[in-house]
1. Do we have Val41 as assigned to a helix (DSSP H, G or I), out of contact with any Gly (no Cβ under 6 Å at 6 or more places or on another chain) and either modelled with pLDDT under 90 or within 10 Å of Val3 (Cβ to Cβ) (or both) here?
2. Can you give me the number of residues within the range 7-38 that are charged (D, E, K, R), surrounded by fewer than 17 Cβ atoms within 10 Å (Cβ to Cβ) and within 17 Å of Arg77 (Cβ to Cβ)?
3. For the range 64-85, how many residues are of a type in the set (S, T, N, Q) and either surrounded by 21 or more Cβ atoms within 10 Å (Cβ to Cβ) or modelled with pLDDT under 90 (or both)?
Amino acid sequence: MAVLDDVKKFLRVIGTADDDLITRLIESAAMEYARYTNTTVGSSSMDVELEQDAYTGVMFMVQAFYEGQPEKVPVMRQAAETLWQPYRRALGV
């Protein structure tokens, strides 16, 4: 699973003990991306095929929740949303 492997490298996680947790966080972050941009991420949140900067935003959100530091969440969310901004669709006029 390439997405899981990418995120584990990003988080510097070795081993498989947290794979289920990280997978759930990836799915949650991908859904957050989809909500923010008003788009979809494929048939499954694990089928994330995004531009590199948008993908990095998803990894930022996973990192924010994985590290368990609530004070970092708003900062990481802002960083992710900055990367996601160009991909927002159908915002109205």
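The values are calculated or read from the model by the stated rules, or taken from the named source; none is laboratory data. Not measured: the values here are computed from a predicted model. Cβ sites come from the backbone with ideal geometry, for glycine too, and all protein chains shown count toward neighbours.
1. No, not satisfied.
2. 1
3. Result for the range 64-85: 1.
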